[in-house]
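Novice: A single structure is presented below for examination.
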Amino acid sequence: MTSYRHPWDLVQYGCSVVYWLKVEGIPTIWTERALGATLPTGFSAESATLIVDQSSEIGSTIDPDAGLGTGLPLSFQLQDSTELSAYLTNPSRVTRLSADLLATTTSSMSVADASSFASAGTLYVGNECVNYTGTTSTSFTGLSRGVAGLAYAHAKDSAAGLVANVPSTDWRGRTVRLYAAPVDATGYVPSGTLEAISSEIWCGTVREGPYRTADATWQLDALSLDRKLAEPLAASISGTIDSKTIYYSVQAGEKIVCTLKYGSTTEQIVVIPYDSTATGPSGFTVVTGSELRAAIKTAWDAEVSALGASAHMGNLIWTQYVGKGWRGHMLPGATVPGSPTQHSVTIETGAYKYTYDVSLPSVSSSTALPWAFFDSPLHPNQNLAPYATDTAFSQGSVTVALEGVDPADVPSSGGLKLKGKLYSYSGASALGSSVRLYGVQPAPTEAELVALDGEDAVLIQFSSGSLADVLRRVIESSGSAALRGTYDTLPNEAGYSIPDGDVDEASFSSVVGGSVGGISFDLALSDRSLEDGLGGLLGLAERAVVLRDDGTGKQKLSLVRTSPSGTSSVATIADADLLVSEQTDPVSIDRGSPVPTSVEVELSNGLVEAPDKVIFRKDKGRRQQAGASTLTATIPLTDVSQATSYVGLWAAGRFSRPRPLSKMSLRVPPWVLGEPGDLVDLDLRHPSLYDFATGTTGFTGAARVLGRTLDLGSYQSVITVVPAQGAGLCPAVAVSAWAGTAAAPTTIDVDRDYYDHFSRTAELEAGGFKVIVYVPGQDSSSDGYWISTVTDTGSVCRLTVASIDGTPTLSTSGAGSWLTLPVTSESTAFQAGHAHTDSGGPWT
Amino acid sequence: MTISTPSTFPRVAQQDLLTARLTSEPLSTILSRTNYLWQHHQPPLVDIAWLVGASMTRAQVFEFGLEPSADSLSYSFTHRWWVGGTAGSMSIKVEEYAGSWSTIYGPTSTATSANAWHSRTHSATISASATRLRVTYDHGVDAFFPSHLLAIPAPTTTPSAKQPSGFVAFDDGLLGSSGAPLNTEMLNRAKASCAAVLTDRKSMVLSMAQDTFSAAQKGQVTSVGIFSGSPSMTVGRAVASLPGNKGTTDISLHLRGYTSASSSTGYQCVVRQVGATHSGSSVTFDLDGSWHVSSTLTVLGEQPDIEVVLLNPDTTGTETAVVESLIGYWTPGS
């Protein structure tokens, strides 16, 4: 546990920093100088050969309209060293996987020949480093997966299935993490593990390298992690429907329970045509209709035979209804007694169970009983319904002839698009050059399948749910369930396989509310990136996914707001924070794009075509005067009425802006807080700034951080902000507890999230500040408290009451008591920065 | 401090949103809409056309399941009936069941004229814990025909305290002050209070109730629902109206039914959605004389086609299967 929040905090007191980095699957730490600190788990060596300060600036900047951070790349060099040479030498021992290796397998790895390898040691497969404790002639055993990185699933027939005693010399795709550790003027590095004393300041993946440079070093170029989200995911797979033979997919254990009742006697048989030992691919047995009928009859006959010769249940016969299907009948065995009786049929398919009863007339053994075993369960009284195995007993199976695609590349579950209609499937297996899909829902009928023969089919991967869930699933999914986190649920290549440790999952829930909180949709990203599929929605809703410090010295993908308004700033940037040099001005201005006068939104989720694909909204009056300026976007909503409602709100927000969002770039020391998405307060007098609120030079007020970069050599940071164009709403917080009495509290507890707000108020108003108290529904502005100090107890924000205005009485029952800011006439300068009636600014 | 409830639905024009300056508007108007909603959102708690055969000459009693507001609201009841050839006096009594029966209206008598339609409107408060309602019509020995009952929420005031549903009224004491804070709670309150009212007041979207005057005559005032010697019979098929419901939603069902057989085993009622597009969901109730409640009938779309089927295992033609009352409630937005 360090006593500083960030290594940069120590720089302002005369310390410096040392950079070091990790490359995924390479168990050596690369440092600028020997640190001698405890190495992270999985790493066995330290090499002081890193050259990183020649890189261009690092960091991320948000493009508000694209909804995604544009992280800057990192280039670094490694000098020749014994450690590096060992990694960049052709392997002396090499073999291949002989079976696919799951990401979670730790028992053994099957290979063609392990005899040349040491009996225990380290091997490399793909980008993964694996330790093993034993070998057989064709396997490695006792595996420790994902050493110095992550575990992956490996296919035996891929180039990545090569197993060697050294890593591949092509490091593309490996994750790079750059850290800064503090070091004082004497060269002292704080004690503790290397990661504990450092902050992660950049994260991305190797795009090229290592390659030899003219100055005899090895260079690697890496892309920021948020740029990975701009790379397209797997394309959809095309083919044609092959319905020359109709197949049904039956889940193992599906059964038909038939009960015959007469008088007080009951006979019952349980027919299971395919038991669990006959399970085929993905838990399904795939058969033709005739095979299914034969299997049912075989199982039926065995059951009836077991009842004995006196059984009243008899043979099963099938009757074909041309063009519709088949229907099962039973010939009774022994003569059924003449009294009125009944029989019942129960069909069980997984969790589905349906029973219906049919009265049974008096019959002789020569009469076929009119049992319709497989009628649609929705119409049990319609006895003439055809035998419909695909709606009741079995599930749909569709064969798709692929066009130039290896059937093994078809994900084991996903979507099937046929003639504009979307189906889902839950199993797949290769069938020559075709793929057979199982568990197709809604199950097409036999007649539908026949009609679909030769039709174009598209196999497509998609995610459904709220914006927060779809984002997290696409970011984390690896194709191996839950490998990268709880949101790793999508098939292979349908997500970016980024581990949850690199994702601020909570931010996606907390920031996704407001105007996009109720949105739910389907999204397919075939051959498209997350930026392509969701960037438009995020941009319109003024949200963005960006790589940023999560406040603990860890770079994480976070969902942040980009709107130029809000409250709860994290810092104040004043003139004294600006860095001036001979070459550069500490402040630069980007005048920003014109305020749009129209918004054009295309509806496309990659799955189905919206009936009216484009929604157009314009501010007619302003468009006539200021000219056309159109903001365009694509969003995944396909419900036109829903999309129209949202687009109207978003467009109104854009149209109402009084002027373009001009960006200010402020050159500051690295310890000044403000990550992309944060709010900061500005108190600047720089002549290039202008404050529309006061009509004076400089700017005082809140601003949204849209970017932050760092020069690794000079440590200078540039924070890019857009000034608020309207005050944020006043905070209001419920009282959770108090000390003293309800009428005379000495301290008041509120949610800890408000600590930053109240502590900054106290900081700016040393003499104390006032809050007013009211009960929603009985709103009054007359009562309040003067607060002297604000304390973070670790669980709540505690306000110490200095004096009481009026005669308030606190309560937590009903709507409870709420604290908010006083009316303008009583407020402090800090509080006046929030929205009050008569403030004069715009609602934003 | 004043809680004002507009008499007409206040509107906020688009330009008021586009060019709004930081004053109490449009937030004040938006919040006042929640007060309007409280008094004027009136989905039918009861909307039943009584299932009766012909003009009766005795008292008729109807009992059905109920899902009232959590806020113990006052409701406006409107009864409608036909009187035959003899003028007389109609007595109406309404009782609620919340662990025990209690009268919430009447019995109140009204003089009636012959060969004419009549109606009576009155208010009554239904407690949040009520699970059933019982309505008794008595026109003495004179023939009459009870037709319909409609009960809609009709609160006359907007309360200041937070209601069990979650509704919190808007009082202009704070926002009406000069320089008052425009705070997050007020903005959120507008949405939360609307959601509370909309989801608290359930709408009766499916209804059927037969006379329960005496045990011997349960449900037998009509031939509908009485059959025998058949495995199943469709009692009825109706379209429920769920405006705005794009996907699937659950309907909460309340049912009581009987059989004349000594054992109720196998005597059941199936309620399900049918039609070209349907959810595939169905609910099966035992016709054993007990009240059954199920919230698992999932329906698809704005106008689901609901079918009610009785299962009667008797083949002697003597035993009956009867649904006395079947009620379906929908929570808009659920």
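The values are calculated or read from the model by the stated rules, or taken from the named source; none is laboratory data. Only a predicted model underlies this, so the values are computations on that prediction, with no experimental measurement involved. Glycine gets a Cβ as well: all are built from the backbone with ideal geometry, and neighbour counts include every protein chain shown. Only protein heavy atoms, including side chains, enter the accessible area calculation; ligands, DNA and RNA are left aside. Shrake-Rupley method; radii C 1.70, N 1.55, O 1.52, S 1.80 Å.
Novice: Pick from A:Gly707, A:Gly728: which is under 30 Å from A:Glu57 (Cα atoms) and either at pLDDT 90 or above or within 14 Å of another protein chain (Cβ to nearest Cβ) (or both)?
Specialist: Going through A:Gly707, A:Gly728 in turn, the sole match is A:Gly707.
Novice: So which residues in segment A:775-806 are in a loop (DSSP other than H, G, I, E, B) and within 14 Å of chain B (Cβ to nearest Cβ), if there are any at all?
Specialist: So in segment A:775-806, the residues in a loop (DSSP other than H, G, I, E, B) come out as A:776-777, A:779-783, A:793-795, A:806.
Result: A:Pro776, A:Gly777, A:Asp779, A:Ser780, A:Ser781, A:Ser782, A:Asp783, A:Gly806.
Novice: Another question, then. Is there any pair with a first residue in segment A:309-328 that is open to solvent by 60 Å² or more (accessible area, probe 1.4 Å) and a second that is at pLDDT 70 or above and in a strand (DSSP E or B) whose Cβ atoms are under 7 Å apart and which are 6 or more apart or on different chains, and what are they?
Specialist: A:Trp326/A:Trp318
Novice: Okay, moving on. Touching an Asp or Glu at 6+ places or on another chain (Cβ under 6 Å), polar (S, T, N, Q) and part of a loop (DSSP other than H, G, I, E, B): does that describe B:Thr103?
Specialist: Here the answer is no, as B:Thr103 does not meet what is asked.
Novice: Restricting to segment A:154-177, what's the tally of residues that are in contact with a strand residue (DSSP E or B) (Cβ under 7 Å, 6 or more places away or on another chain), touching a residue at least 60 places away in the same chain (Cβ under 8 Å) and open to solvent by 10 Å² or more (accessible area, probe 1.4 Å)?
Specialist: So the count comes out to 6.
Novice: If you don't mind, there's one more thing I want to ask. Is it the case that segment A:781-802 has a residue that's under 17 Å from A:Val735 (Cα atoms), of a type in the set (Gly, Ala, Ser) and at pLDDT below 80?
Specialist: yes
Here's the yes/no breakdown for (1) closer than 16 Å to B:Ser76 by Cα; (2) not hydrophobic (A, V, I, L, M, F, W, C):
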{"site": "B:Ala130", "(1), (2)": "no, no"}
{"site": "B:Asp138", "(1), (2)": "no, yes"}
{"site": "B:Phe144", "(1), (2)": "no, no"}
{"site": "B:Ala154", "(1), (2)": "yes, no"}
{"site": "B:Thr157", "(1), (2)": "yes, yes"}
{"site": "B:Ser160", "(1), (2)": "no, yes"}
{"site": "B:Gly166", "(1), (2)": "no, yes"}
{"site": "B:Asp171", "(1), (2)": "no, yes"}
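Novice: Sticking with this structure for a sec: Quick one: count up the residues across segment B:184-198 that are touching a residue at least 60 places away in the same chain (Cβ under 8 Å), more than 23 Å from the chain's Cα centre (by Cα) and within 26 Å of B:Pro68 (Cα to Cα).
Specialist: Within segment B:184-198, residues that are touching a residue at least 60 places away in the same chain (Cβ under 8 Å), more than 23 Å from the chain's Cα centre (by Cα) and within 26 Å of B:Pro68 (Cα to Cα) number 2.
Novice: Quick check, is A:Asp522 in contact with a Phe, Trp or Tyr (Cβ under 7 Å, 6 or more places away or on another chain) and either farther than 23 Å from A:Asp681 by Cβ or part of a helix (DSSP H, G or I) (or both)?
Specialist: yes
Novice: Separate question: Return the residues of segment A:212-243 that are closer than 24 Å to A:Gly59 by Cα and not charged (D, E, K, R); say none if nothing qualifies.
Specialist: Start the filter on segment A:212-243 by keeping residues that are closer than 24 Å to A:Gly59 by Cα, which leaves A:218-232.
A:Trp218, A:Gln219, A:Leu220, A:Ala222, A:Leu223, A:Ser224, A:Leu225, A:Leu229, A:Ala230, A:Pro232, listed by residue number.
Novice: May I pose another question? Restricting attention to segment A:615-664, which residues are more than 10 Å from chain B (Cβ to nearest Cβ), in a helix (DSSP H, G or I), of a type in the set (A, V, I, L, M, F, W, C) and open to solvent by less than 40 Å² (accessible area, probe 1.4 Å)?
Specialist: Passing the criteria: A:Val640, A:Ala643, A:Val647, A:Trp650.
Novice: Moving on. A:Ser243: touching a residue at least 60 places away in the same chain (Cβ under 8 Å), closer than 27 Å to A:Leu449 by Cα and not in a loop (DSSP other than H, G, I, E, B), yes or no? Walk me through it before giving the result.
Specialist: Details: touching a residue at least 60 places away in the same chain (Cβ under 8 Å): yes; closer than 27 Å to A:Leu449 by Cα: yes; not in a loop (DSSP other than H, G, I, E, B): no.
For A:Ser243, the condition - touching a residue at least 60 places away in the same chain (Cβ under 8 Å), closer than 27 Å to A:Leu449 by Cα and not in a loop (DSSP other than H, G, I, E, B) - is not met.
Novice: Does A:Ile589 fit the bill of being under 26 Å from A:Leu467 (Cα atoms), β-branched (Val, Ile, Thr) and in contact with a Ser or Thr (Cβ under 7 Å, 6 or more places away or on another chain)?
Specialist: Spelling it out, it is not the case that A:Ile589 is under 26 Å from A:Leu467 (Cα atoms), β-branched (Val, Ile, Thr) and in contact with a Ser or Thr (Cβ under 7 Å, 6 or more places away or on another chain).
Novice: Oh, and also: Among the residues of segment B:158-183, write down those that are more than 9 Å from chain A (Cβ to nearest Cβ) and without any contact (Cβ under 8 Å) to a residue 60 or more places away in the chain.
Specialist: Scanning segment B:158-183 gives a single hit, B:Gly166.
Novice: Being open to solvent by less than 50 Å² (accessible area, probe 1.4 Å), farther than 30 Å from A:Ala216 by Cβ and not acidic (Asp, Glu) is the requirement here; does A:Leu88 meet it?
Specialist: no
Novice: Next up: Which members of segment A:27-74 meet the condition of being within 27 Å of the chain's Cα centre (by Cα) and assigned to a strand (DSSP E or B)?
Specialist: Hits for segment A:27-74 are A:Ile58, A:Gly59, A:Ser60, A:Thr61, A:Ile62, A:Asp63, A:Leu68, A:Gly69, A:Thr70, A:Gly71, A:Leu74.
Novice: Within segment A:526-542, can one find any residue that is touching an Asp or Glu at 6+ places or on another chain (Cβ under 8 Å), of a type in the set (A, V, I, L, M) and at pLDDT 85 or above?
Specialist: no
Novice: Further question on the same structure: May I ask you to list the residues in segment A:120-138 that are assigned to a strand (DSSP E or B) and within 32 Å of the chain's Cα centre (by Cα)?
Specialist: If the condition is that a residue be assigned to a strand (DSSP E or B) and within 32 Å of the chain's Cα centre (by Cα), then A:Leu123, A:Tyr124, A:Val125, A:Glu128, A:Cys129, A:Val130, A:Asn131 are the ones that fit.
Novice: Scan A:Gly485, A:Gly454, A:Gly465, A:Gly495 and give me the residue that is at pLDDT 85 or above, surrounded by 22 or more Cβ atoms within 10 Å (Cβ to Cβ) and of a type in the set (Gly, Ala, Ser).
Specialist: None of the other options fit; the residue is A:Gly495.
Novice: Which condition does A:Ala180 not pass, out of (1) within 24 Å of A:Ser478 (Cβ to Cβ); (2) touching a Pro at 6+ places or on another chain (Cβ under 9 Å); (3) buried (at least 23 other Cβ atoms within 10 Å of the Cβ), if it passes all the others?
Specialist: Single failed check for A:Ala180: (1).
Novice: Residues in segment A:678-698: is at least one part of a loop (DSSP other than H, G, I, E, B) and under 30 Å from A:Pro7 (Cβ atoms)?
Specialist: yes
Novice: Turning to a different aspect of this structure: Here are A:Ser115, A:Ser144: which of them is touching a residue at least 24 places away in the same chain (Cβ under 8 Å), farther than 30 Å from A:Ser16 by Cβ and open to solvent by 20 Å² or more (accessible area, probe 1.4 Å)?
Specialist: When all the criteria are applied, what remains is A:Ser144.
Novice: Out of all the residues in segment A:825-832, is one or more at pLDDT 80 or above, at the interface with another protein chain (Cβ under 9 Å from one of its Cβ atoms) and surrounded by fewer than 23 Cβ atoms within 10 Å (Cβ to Cβ)?
Specialist: Scanning segment A:825-832, I find no residue that is at pLDDT 80 or above, at the interface with another protein chain (Cβ under 9 Å from one of its Cβ atoms) and surrounded by fewer than 23 Cβ atoms within 10 Å (Cβ to Cβ), so the answer is no.
Novice: Tell me which of these A:Ala766 doesn't satisfy, since it passes every other one: (1) within 14 Å of chain B (Cβ to nearest Cβ); (2) assigned to a loop (DSSP other than H, G, I, E, B); (3) open to solvent by 50 Å² or more (accessible area, probe 1.4 Å).
Specialist: Going through (1) within 14 Å of chain B (Cβ to nearest Cβ); (2) assigned to a loop (DSSP other than H, G, I, E, B); (3) open to solvent by 50 Å² or more (accessible area, probe 1.4 Å) one by one, A:Ala766 breaks only (1).
Listed here are the residues, each with its yes/no results for (1) closer than 25 Å to B:Pro68 by Cα; (2) hydroxyl-bearing (Ser, Thr, Tyr); (3) modelled with pLDDT of 85 or more.
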residue	(1), (2), (3)
B:Ile226	no, no, no
B:Thr249	yes, yes, yes
B:His254	yes, no, yes
B:Ala261	no, no, no
B:Gly275	no, no, no
B:Asp286	yes, no, yes
B:Glu324	yes, no, yes
B:Gly328	yes, no, yes
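Novice: Still on this structure, please answer the following. Within segment B:150-172, does at least one residue satisfy the condition of being open to solvent by less than 50 Å² (accessible area, probe 1.4 Å) and acidic (Asp, Glu)?
Specialist: yes
Novice: Which one is most open to solvent (accessible area, probe 1.4 Å) among residues in segment A:552-570 that are modelled with pLDDT of 85 or more and of a type outside the set (D, E, K, R)?
Specialist: A:Thr552
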